[in-house]
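Written below as structure tokens is the structure these notes are about.
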Amino acid sequence: MADYFFSYQKRKKEFGKHCNFEDFESKLLGSVDTVDAIRNEYIIKNPNNVVLDNIPEMSEHTVNTERVVTVNKGMKHLEGGWPKEIDPSENQDTNKWRKRLDKDPGFGAAVKFLGQVNERSILQNNTIDIFEEYFLGQTVDHSTENLSTKTLMLFKDQTEEKRAVSKISWHPDGPNKLAVAYSILRFQQMPDRMPVQSYIWDVNNPNSPDRELLPQSPLCTVVYNHKNPDTLVGGCYNGLIAFWDLRRPGSNPYETSVIEKSHHDPVYDIFWLHSKTGFECVSASTDGRLLWWDTRRLGEPTDTLLLTDGIPNPNSKNQEKVLGGTSLEYNPEAGPTKYLVGTEQGVVLSVNKKPKKAIEINQRFGGEVGKHHGPIYSIQRNPANMKYFLTIGDWTARIWMEDLKTPIMTTKYHASYLTDGCWSPTRPGVFFVTRMDGWLDVWDYFYRQNEVAFSHKVGDAALSSISVQAGPGQGVGGKLVAVGDAEGTVTLLELCDSLHIPQSNEKISIAQMFDRETKRERNLEQAKKAQEAKRKEREKDGAGNRGEGDGRLEETLRKVEEEFFSEINENGGPSQESRPDEEEASEPAASS
């Protein structure tokens, strides 16, 4: 509910104004006559100090109305309209009443009158088609419109403990429900009695959650099943995987993984796989492992991969350094066996899991140049160009290409730390980033690449997660955005048409821009390799020249030495063959 307040204002020139006292004649403002009847009920006070002031007193008061609690109730109407003496369950009574009604002369007149009314309405509908599209096939240019967002409603955490919104998942069938995971991921900030419940919210009822989820540990991530929307899976703070079947009553998970076979750190991201059964998923955690699960049998994972940097360390028996996974991306359109993993160290790993073959890490992005300066909180492929993907970390958002190890595009450094981000499902050139200072930034690369297109202040608390409603089909939706903050509030925003309706040539333009930046990055890489080869060649040539120079120097020194000794011989000194040290060495031999 809105807070209503009234502000008392004062002009600046009146601040610190000195008092100006003047003498004037006394004037009686009011008097109270003595009442003799009640004189005996009071005692005269002596001395008596009384302070009188005729300046009007003013006070400020704040009033906020209570939240209106609404409850949705349904009523099913089976059959009605019968008189009191008729039992609808008795067919014989109802048939008698129908026959009596058919013989009533007023029944025929009523049917005739209603038939004329319906005929008139049908003729009007046939004459004018109120659902006709007058400008079908024409695209509207929204580029000149002012960008804006509208706050629709707020979903607040029902617990007293302030918990951050760690993940938001929209219902696959439409923008009616969303599952929200709550947890405290700050180091050593979790209280002893931490609330573990997460909620499923109905968009039409923000006052109370539609359903409650009660795992063994707070949920760090949760996602709906795209094949069966009545099931969802979540990753817990203690590393467990919890599976819910919403068709069953109760809030507890239908099945939970075994703690000995689960992750050893919080599960930061999880994805459903596009398999035939629709029960397989993959999870990533900061313990450095990627685990594949079958939700029908959560006793142990079906496959395991250790995330490493690929650089053997000679000090630890050539073992590779383990990287903690903080984000995950899986899109079957890019390849049913391809996975992207964002790590704590700012490096992106490309994983390939082919059937009946060993799982391998075939690419590491940012290992040498271009990695983030902190954990990667979000990673997602572009919905229109699957070869390109977006990463969110430190103070920047970066766009990568599968075949290059360095980013092709990087945003400027934001004023505040970035916490999450995602692409627009309808516009290939638009992506969103959330900041720690409570701002939501919208980048529109179709409009400009060097500045933020639009910024919206969501709240004073730090933003922690974002999810854009994609709709039941690919390319449908993109208008509703759910943003979660560090105090457990989910804000539902509605975007203007310019931010979610694509332009006619936007997809082609964005693809050309990505190709241009990819070629530029490849040219820079080739130029760097050529420069490195020239440097090595110069070093090699310099080493050869240094060797020749040393030989010339020795030859010059030998000639100078010969000239020196020859001059000494001409002046009667010792020759080069008999140096002073040699003569001194030969004297003992001669004396002996």
message = Could you give each residue of region 303-317 its phi-based ³J(HN,Hα) in whole Hz, using Karplus coefficients 6.51, -1.76, 1.60 with θ = phi - 60°, and x for Gly or Pro?
response = 8, 9, 9, 8, 7, 10, 8, x, 10, x, 9, x, 6, 10, 6
query = Out of residues 5 or more away from GLU487 or on other chains, whose amide H comes under 5 Å of its own, with H placed 1.01 Å from N in the peptide plane?
reply = VAL165
query = How would THR337, THR491 line up by accessible area, probe 1.4 Å, largest first?
reply = THR337, THR491
Highest to lowest packing among 558-565, 506-513, scored as the average C-beta count within 10 Å = 506-513, 558-565
ask   = Can you list residues whose amide H is under 5 Å from VAL222's amide H, if they're 5+ apart or on another chain and H is modeled 1.01 Å from N?
value = GLY235
inquiry  = How high is the relative contact order of region 145-220? Use alpha-carbon pairs under 8 Å, at least six apart in sequence, and give a whole percent.
reply    = 28 percent
Long-range amide H partners of SER275 with built H, under 5 Å = GLU280
key: Solvent accessible area, Å² - GLU451, 1.4 Å probe, full protein context   = 70 Å²
request  = Rounded to the nearest 10 degrees, what's the angle between the helix 580-591 long axis and the longest principal axis of the chain, both from Cα atoms, 0 to 90?
outcome  = 50 degrees
inquiry  = At a threshold of 8 angstrom on Cα-Cα distance, excluding pairs fewer than six apart, so keeping six or more, what relative contact order does region 130-288 reach in percent?
reply    = 15 percent
inquiry  = Counting only other residues whose beta carbon sits under 9 Å from that of THR295, what net charge do I get with K and R as +1, D and E as -1?
reply    = -1
message = So if I take the centroid of the Cα atoms in region 46-88 and the same for region 198-275, what is the distance between those two points in Å?
response = 38 Å
query = Once all Cα-Cα distances of region 96-229 are split into 10 Å bins that start at 0, what whole-number percent is in each one?
reply = 9, 21, 16, 14, 15, 14, 9, 2, 0
key: Accessible area in the full protein assembly, largest first, 1.4 Å probe, for ARG163, ARG448, ARG11   = ARG11, ARG448, ARG163
query = What are the ³J(HN,Hα) values, in whole Hz, obtained from phi via the Karplus relation 6.51 cos²θ - 1.76 cosθ + 1.60 with θ = phi - 60°, for each residue of region 165-175 in sequence order, with x given for Gly and Pro?
reply = 7, 8, 7, 10, 10, 7, 5, x, 7, x, x
task = Could you grab the relative contact order for the chain? Cα pairs under 8 Å, six or more apart, rounded to a whole percent.
result = 9 percent
ask   = Could you give the angle, 0 to 90 degrees to the nearest 10, between helix 105-127's Cα long axis and the longest principal axis of the Cα atoms of the chain?
value = 30 degrees
query = If you take the charge dipole of region 25-154 about its Cα centre, with +1 on Lys and Arg Cβ and -1 on Asp and Glu Cβ, which of PHE131, ALA37, TRP82 is farthest toward its positive end?
reply = TRP82
key: Probe 1.4 Å, all protein chains present, accessible-area order of LYS387, LYS338, LYS357, LYS73, largest first   = LYS73, LYS357, LYS387, LYS338
task = May I ask you to order 515-525, 224-234 by the average number of other C-beta atoms within 10 Å around their residues, highest value first?
result = 224-234, 515-525
key: Listed residues VAL442, PRO172, GLY288: farthest to the positive end of the dipole of the chain (Cβ charges)   = PRO172
Rotationally averaged projected area of region 390-431 (alpha carbon convex hull; nm²) = 3.3 nm²
message = Using the Karplus curve 6.51 cos²θ - 1.76 cosθ + 1.60 with θ = phi - 60°, what ³J(HN,Hα) values do you get for each residue of region 246-253, in whole Hz, with x for Gly and Pro?
response = 5, 6, 8, x, x, 9, 6, x
inquiry  = On C-alpha positions alone, give me the angle between the axis of helix 91-103 and the longest principal axis of the chain, in degrees, nearest 10.
reply    = 60 degrees
ask   = Out of every Cα pair in region 76-168, what percent are spaced more than 15 Å from each other?
value = 83 percent
remark   = With only helices counted (DSSP H, runs n ≥ 4, each -39500 (n - 2.57)), the per-residue ellipticity at 222 nm for the chain, to the nearest 500, works out to -7000 deg cm²/dmol
remark   = note: the chain, Cα-Cα separations exceeding 40 Å make up a percent value of 53 percent
ask   = Can you pull the accessible area of ARG552 for me, 1.4 Å probe, Å² to the nearest 10?
value = 150 Å²
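The values are calculated or read from the model by the stated rules, or taken from the named source; none is laboratory data. In this text, all values refer to a predicted model and were calculated from it rather than measured experimentally. Heads up, the Cβs are rebuilt from the backbone with ideal geometry, glycines too, and the neighbour counts pull from every protein chain shown. The area values use the complete protein model at the heavy-atom level, side chains included, leaving out ligands, DNA and RNA. Shrake-Rupley method; radii C 1.70, N 1.55, O 1.52, S 1.80 Å.
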